[in-house]
Amino acid sequence: MDRGMLSQAVALLLALCSLGPTSLAETVYCDLQPVDPQVTYITSQVSEGCVAQSPNATLEVHILFLEFLKEVSVLELTLQTSKHNGTLPREVLLVLSTNKTIFLKLQAPGIPLHLAYNPNLVIFQEPAEVNTTQLPPFTTKGELLNWADTKGPVTSAAELNNPQSILLRLDQAPRSPSSCSLEPHKDMGHTLEWSPNAQASVRGCRLEGVAGHKEAHILRVLPGPEAWPRTVTVKVELSCASRDPDAAVLILQGPPYVSWLIDANHNMQIWTTGEYSFKIFPEKNIPGFHLPNTTQGLLGEARRLNASVVASFVELPLASVVSLRAPSCGSGLQPSPTPVQTTPPKEGCNQELLLSLIQPKCSDDVMTLVLNKDLISTLRCTITSLTFWDSSCQAEDRDDQLVLRSGYSSCGMIVTENVISNEVIVNLLSSSSPQQKKVQCINMDSLSFQLGLYLSPHFLHASNTIELGQQGFVQVSVSPSIPELTIQLDSCQLNLGPDMEIVELIQSQAAKSSCVSLLSPSPGGDMRFSFLLRGYMVPMPTTGVLSCTVALRLSTWSLDVQRTVSTRLNIVSPGLHGCADKGLVLPAVLGITFGAFLIGALLTAALWYIYLHTRHPGKREPVVAVAAPASSESSSTNHSIGSTQSTPCSTSSMA
């Protein structure tokens, strides 16, 4: 290239540069580095998942594949279902598949829940009022899905990476397919929302050449796999000494189908894509602006808005709620206090989780505590001694367990009329002071359990006889009353013999069908419920066993002690005792059938009489009528009423 052409190229380059607002040196506005502000979020995006509809199923199945980074994690899992005008929620089977040990905080109020999991990996921090099943070992997700499909239709399945909390809604998702097939990068929508264990990566920088103390907070929400309108709630908490609204600017950039609901504790300038509104005025939507969807472009917007510092810059997957908390405002860039280390810091013993493992088992006047040594190791704890209040009673080292046990009359046990108490002392290598936990046992020998059947809601006279089609009222009591003892009716059932299915009345503290009603407790705190025994059964039972399981829990104890109480019942047919008015049983059905037959015959005769006396006389012809045998009517009737079901009552028995 000659000297003339070179000079022309340089001139052309300078001309092109002069047309832009910035020079080439200004295209990189700042060097983003980790900073102090904290950002957490809730999202419905999962790495793999599916949602399906199963409107006619009596049991719906949900599956969670959980992948954790740490050897031990804490997970909060909440199940919700909406009210359905008094109808009972469907039974739910929840399958938990996890690769690491988790301490589970489970909440499923009023939901008849069955839980399938590996008891070696899932530990309940609080007692779970659910039916549990041990999950068979599976090597692939497909094997687990096939196993779950044999239990009932799979309504949802999701794989979550390092979750901290999960909200699973059991309502049927509209416009969902009839079967659940895992899809990568799935948006679970309303069905599932979760928050990760780790905070989002937050970076910041100083914008060169801009004076002042105005700071910018930039949030970029990335597009999701499905483009449908949604609102992202952004909660901003700034610690600003000044109330100047020009001290900070919030820049929100996302896909065009995203709108924003802003909840901030400080006045600030707002710059968003789409529409936005404020929590105090949610109905007033304010149009946003067109913003660039690149990092450099958003930094350029912050500079154009006269921000001298990007206090936080974060990119997140499509979320429903984002929370930003900055410890300072207007004081310049706050670098992250965490230094860069070549080796990760070693975590200490998690004493809170360790103490939650100390749960006594009580039987035969002996209190026993067992700690798994592998689990202690995963909590990074080293126990130097484990004793009762009397330090001479030390735990035995048995292979992979530490076992601490004592009779009720030694090791410093405090024995009252109904409760046996002691304290466990744990000495740890990482702590100079010992850890203490109070443990208690219930003296079951001092408690009396009664179950009574009554035939009226006044609960005056107990009975051991109930008629088919009759309503029974049940009262379960425990005496004496212990203030520190919580008593709940866990389950009840009626066993009608080997030839009949067991009638489930109460399961997981919830009524099993619409024919069972949980009643208010008695003035003395006795548990009560009622059920309606269906009017006809084949074969007809003559006896039955009504049994209920009572769960007892002490205020200082997170495990339940269960006791079953039962009573034997005589079951009679109301037709044998002149009580046909209490249910439409076989005589009533036959009577109705005969009445319908008689009405039909009379109506047919009347129509035939009208026909013979109204048609033209010349067209009369002899007619031969053949009557059907009456036995066919009876056999048809008997066939239609000879069905059996495992619910206490049914509409078919009332027809």
Scan the range 52-71 for residues that are part of a strand (DSSP E or B) and open to solvent by 20 Å² or more (accessible area, probe 1.4 Å) and jot them down. L59, E67
Going by the structure shown, is A227 in contact with a Phe, Trp or Tyr (Cβ under 6 Å, 6 or more places away or on another chain) and either part of a loop (DSSP other than H, G, I, E, B) or closer than 26 Å to L69 by Cα (or both)? yes
Would you pick out the residues in the range 256-301 that are of a type in the set (A, V, I, L, M) and either surrounded by 12 or more Cβ atoms within 10 Å (Cβ to Cβ) or in contact (Cβ under 8 Å) with a residue 12 or more places away in the chain (or both)? V258, L261, I262, A264, M268, I270, I286, L291, L298, L299
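Given Q450, Q440, which one is closer than 25 Å to T384 by Cα and part of a strand (DSSP E or B)?
Q440
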Can you confirm whether the range 417-424 contains a residue that is under 34 Å from the mean Cα position of the chain (by Cα), more than 23 Å from S479 (Cα to Cα), open to solvent by less than 30 Å² (accessible area, probe 1.4 Å) and among the β-branched types (V, I, T)? yes
Would it be correct to say that S406 is open to solvent by less than 50 Å² (accessible area, probe 1.4 Å), assigned to a strand (DSSP E or B) and more than 29 Å from Q562 (Cβ to Cβ)? no
Can you find, within the range 495-524, the residue that is modelled with the highest pLDDT among those that are open to solvent by less than 50 Å² (accessible area, probe 1.4 Å) and part of a loop (DSSP other than H, G, I, E, B)? S522
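Residues in the range 169-176: is at least one open to solvent by less than 30 Å² (accessible area, probe 1.4 Å) and within 30 Å of D31 (Cβ to Cβ)?
No, because not a single residue in the range 169-176 is open to solvent by less than 30 Å² (accessible area, probe 1.4 Å) and within 30 Å of D31 (Cβ to Cβ).
Over 25 Å from V130 (Cα atoms) and touching a residue at least 40 places away in the same chain (Cβ under 8 Å), is that true of P498? Write out each step before concluding.
On the way: over 25 Å from V130 (Cα atoms): yes; touching a residue at least 40 places away in the same chain (Cβ under 8 Å): no.
No: the conditions fail for P498.
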Odd one out for L353 among (1) surrounded by fewer than 18 Cβ atoms within 10 Å (Cβ to Cβ); (2) in contact with a Phe, Trp or Tyr (Cβ under 8 Å, 6 or more places away or on another chain); (3) modelled with pLDDT under 90: (1)
All positions within the range 206-236 that are surrounded by fewer than 15 Cβ atoms within 10 Å (Cβ to Cβ) and among the aliphatic types (A, V, I, L, M): A211, L222, A227
Output the residues belonging to the range 303-315 that are within 42 Å of the chain's Cα centre (by Cα) and either open to solvent by less than 30 Å² (accessible area, probe 1.4 Å) or hydrophobic (A, V, I, L, M, F, W, C) (or both). V310, A311, S312, F313, V314
Checking the condition within 18 Å of the chain's Cα centre (by Cα) and free of Cβ contacts under 8 Å to residues at least 40 places away in the same chain, which residue from T155, T132, T140, T150 passes? T132
Counting only residues in the range 525-551 that are in contact with a Gly (Cβ under 6 Å, 6 or more places away or on another chain) and not in a strand (DSSP E or B), the one modelled with the highest pLDDT is identified as P541
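Look through D365, D390, D400 and report the one residue that is farther than 18 Å from L428 by Cβ and in contact with a Lys or Arg (Cβ under 8 Å, 6 or more places away or on another chain).
D400
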Could you please let me know if C180 is buried (at least 21 other Cβ atoms within 10 Å of the Cβ) and not in a strand (DSSP E or B)? yes
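The values are calculated or read from the model by the stated rules, or taken from the named source; none is laboratory data. Every value quoted in this text rests on a predicted model; they were computed, and no experiment measured them. Ideal geometry is used to build each Cβ from the backbone, glycine not excepted, and the neighbour counts take in all protein chains shown. Protein only, heavy atoms only, side chains kept; ligands, DNA and RNA dropped before computing areas. Shrake-Rupley method; radii C 1.70, N 1.55, O 1.52, S 1.80 Å.
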